[in-house]
Structure formats: structure tokens, C-alpha cells
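The values are calculated or read from the model by the stated rules, or taken from the named source; none is laboratory data. Just so it is clear, the model here is predicted, and its values are computed rather than measured. Note that each Cβ is placed from the backbone with ideal geometry, even for glycine, and that neighbours are counted across all protein chains shown.
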Amino acid sequence: MRIDVFSIFPEYLAALDLSLIGKARQDGLLDVRVKDLREFTTDRHRTVDDTPYGGGAGMVMKPEPWAQALATALDPAPEGPARPTLIVPSPAGEVFTQKTAYELAGAGHLVFACGRYEGIDERVLEWAGEHFTVRPMSLGDYVLNGGEVAVLAMVEAIGRLVPGVVGNPESLVEESHSDGLLEYPVYTKPSQWRERPIPEVLLSGNHAKIARFRRDEQLRRTSERRPDLIAKLDPSTLDKADKAT
Ligand SMILES: Nc1cc(-c2ccc3cc[nH]c3c2)n[nH]1
């Protein structure tokens, strides 16, 4: 998978050189290219913003540097019908979920446009629609100062699902949101820590009972912390809970 990221703070994306994603880049599983939007300006001051038409506080990102930058993500022209997907972090976007991460992990080429200031001139997204599948994307209902933090989160969530990136694909199966439920609590040595024991069933060696305990904990946690997810559950998920015995 090829991932292009454009930002006026490319150093923000240095975290993508580290850990799992960094190793996937070294192994050639992910081709991540971070570029400074200012490289695509033409004036002496490398200007990327200007005042908003209609007035109001703050500045808006100029369209031309974005069009010049995004055009470089179209080279070489994408083979076949697949258009790159342009993800534009925005509080006004669709909410990014694990389902979105799985969907995008199957894409061949993702492009991320990190906005700053009050955002990017809307005409950029209109123009981009001729060349990309454009998806304004929100991390959640809170406001950041720019798109970089959102891109770090999305690239990690998507990249780890690309085959080969995570050493043991089994670990992707029983994690939060993989089946619509929150994950069960985990414990490790010592079995008694500051007078706190671990749930006895985990020492029983009875795999059926352990599976039942874990499923029950997933359901308990989800109904306590995220009742909204219970309502969305696929009925088969609840059947599975009964079968985990
Ligand atoms: N979920 C979420 C996204 C954002 C976001 C994304 C891009 C920009 C650019 C300027 N401010 C921004 C905020 N805030 N919250």
C-alpha cells in the first residue's frame, strides 16, 4: 500500500518512522511518503494561507499549493480503474471507525491532506473529486488544531491491518471493536499483586470456561461503557457469546 501525506508540519509525521509502521516501511509493506506542502508554493514567503472570503476569524489554506501537491500523488497515473482515496481529516467528516480502517486497509493508494488554520479552501475538495475518491474524515466529536494527529491515528489503525504488518494476525481477532464489542480485561504475572488476585478462572486451564469468562467480560464492559455499541451489534455476535462455553 502506498500512503502519501501532505502537511505544513511534516516533522509531526516522524512517528510513522517508528515501531510497527516504521518496520512495515522498511520491509516494503507500506510505502509512506510525507511531503511538506510549502514545497508546492511559488512565492518567496512560501505562503499557504490567506484571509477568509466573507470575513471571520483565522485564515484559510490557499487552493493552488494543494492542487500542485495532490497532483504529485497522481504520478505515475494509477493503473486501471482504481482511483486513489483522498482522506481529508475534518471535524465535519464521516467518523473514522474500525470498520473504516478495515475498508481502507484494502485500498491500494491512500492520500492524506493535513489541513491547518480554519481548513482548506473547499474548491480543493471539489477539484480533487475529479481525480480521487474524496473522504472528509473525523476522528471524533472534538476539535484538533490540524489534521496531523488524526492522520497519525488513521495510518496506524489502517496500516496494522495490512497483511504482514502485525506479526501474529491472531492478535487482530480479539481486540476491541473487531467484533463490535470492547475487549476483555487482560492480566499477567504476578497472579497476586498488591493483594489483588486475578480472576481464578484464568488459572483453571479450562479453555471453554476461560472463553466464556472473556465473552461475558466483553459484554459487561461494552454495556457499561459503550451501550451505543450494544444497539448496533450483529445478532450473530450475541449468539456467539452464548456459544463461547
Ligand atoms: N476529528 C477532528 C478532526 C479535526 C481537525 C482536522 C483538520 C483540521 C484543520 C484545522 N483544524 C482541524 C481539525 N478536529 N477534530
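Structure summary
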| read-out | value |
| --- | --- |
| Cβ pairs under 7 Å, 6+ apart, first in segment 133-148 and over 16 Å from L110 (Cβ atoms), second more than 6 Å from the ligand (Cβ to nearest atom) and of a type in the set (V, I, T) | S138/V95; G140/V95 |
| Residue pairs meeting the criteria (Cβ under 9 Å; at least 6 apart or on separate chains; first hydroxyl-bearing (S, T, Y), in segment 168-187; second at pLDDT 85 or above and part of a loop (DSSP other than H, G, I, E, B)) | S176/L182; S176/E183; Y187/I198; Y187/P199 |
| Unmet criterion (only one of (1) surrounded by 19 or more Cβ atoms within 10 Å (Cβ to Cβ); (2) within 11 Å of the ligand (Cβ to nearest atom); (3) under 17 Å from A153 (Cα atoms); (4) among the β-branched types (V, I, T)) for I120 | (3) |
| G115 being buried (at least 23 other Cβ atoms within 10 Å of the Cβ), in contact (Cβ under 8 Å) with a residue 40 or more places away in the chain, touching a Ser or Thr at 6+ places or on another chain (Cβ under 8 Å) and not polar (S, T, N, Q) | yes |
| Pairs with Cβ under 8 Å, 6+ apart, first in segment 221-234 and surrounded by 10 or more Cβ atoms within 10 Å (Cβ to Cβ), second of a type in the set (D, E, K, R) | R221/E183 |
| Unmet requirement for P136, which otherwise passes all of (1) within 24 Å of I230 (Cβ to Cβ); (2) within 16 Å of the ligand (Cβ to nearest atom) | (1) |
| Residue in segment 193-200 that is part of a helix (DSSP H, G or I) and either over 30 Å from R25 (Cα atoms) or within 26 Å of the chain's Cα centre (by Cα) (or both) present | yes |
| One residue from G93, G129 being out of contact with any Cys (no Cβ under 9 Å at 6 or more places or on another chain) and more than 16 Å from the ligand (Cβ to nearest atom) | G129 |
